[in-house]
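Report on the structure given below.
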Amino acid sequence: MANLPVQPAKRRSRRPMLLGILLLVGIIVIGGIWYFFIREEEEGVGKPDTVADQQEAADNALAILQDLVNDDNYATLGFRSRDEVKSATLGTPLTLYFVPLDGLQSFDGEGDPDQLLVDSEVVYYPVLVETDVRSSVGIQGGAEEGWTPVSFGTATLMQAVAQNRLTADNFLVQIPALGLYFVGERTADGLFLTAVVETGYDLPVGQPVAAADVFRILHDAALNVNTEAPM
């Protein structure tokens, strides 16, 4: 599969690797497996290799997923049988952006909503069986530091994303503080976000909404987030 270019990072400094790892936890709990946590204690198994080529890292991630699937977890990881993963292939990748809480809290509805997006340095690849999305793998890094497989699974989320993805240029947007996920699209009319899971707000699943309106709707909820609550 031809490797699509990653969406350019929006106008904020690159975040440390640790930030991306912590960010991923919010997604991985939705039917995913955190590779380092389940494999690091196994004899002779270390962390996945970091490689320069993005596609090679994605292929390595798929191979790891195929190794991880067993009789106990294949359904959790999105497959209908253990053997399905043997024929799995990678789909078109999506870059993951996130919206920081402070940015959402300070958004006044007048600025450029695209400025709120921060590149997480994570790219997700849908994992397909024939043409159906079953699961996903995630890699993290960039052109300078290389790419490392970091997540495997997130089946429920990726299947929801697949139902609302319109073009190969779409990307994934997470608002970690509110636990929300959107498919993003940049158009001639600006940035649009489509909710892929129920939000609890006036943002119907599957309906593209101008990002400025999304952030305006979520602004009050962001102000009410208790940042001092224990994690």
- First in the range 195-216 and free of Cβ contacts under 8 Å to residues at least 12 places away in the same chain, second anywhere and small (Gly, Ala, Ser) and surrounded by fewer than 15 Cβ atoms within 10 Å (Cβ to Cβ), Cβ under 7 Å, 6 or more apart: none
- Out of 177, 222, 168, report the one residue that is more than 27 Å from residue 91 (Cα to Cα), within 19 Å of the chain's Cα centre (by Cα) and in contact (Cβ under 8 Å) with a residue 60 or more places away in the chain. 177
- Message: at positive phi, part of a strand (DSSP E or B) and among the small types (Gly, Ala, Ser): which single residue out of 78, 141, 109 fits that description?
- Response: 141
- Return yes when residue 127 is of a type in the set (A, V, I, L, M), at pLDDT 95 or above, out of contact with any Gly (no Cβ under 6 Å at 6 or more places or on another chain) and buried (at least 24 other Cβ atoms within 10 Å of the Cβ) and no when it is not. yes
- Task: Of all residues in the range 147-186, count the ones that are part of a loop (DSSP other than H, G, I, E, B) and among the β-branched types (Val, Ile, Thr).
- Result: 2
- Message: I'd like the full set of residues that are surrounded by 22 or more Cβ atoms within 10 Å (Cβ to Cβ) and not small (Gly, Ala, Ser), limited to the range 135-145.
- Response: 137, 139, 140
- Count - residues of the range 47-61 that are under 12 Å from residue 137 (Cα atoms) and surrounded by 20 or more Cβ atoms within 10 Å (Cβ to Cβ): 4
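The values are calculated or read from the model by the stated rules, or taken from the named source; none is laboratory data. Because the structure is predicted, anything quoted here is derived from the model rather than measured. Please note: Cβ atoms are built from the backbone with ideal geometry, for glycine as well, and neighbour counts cover all protein chains shown.
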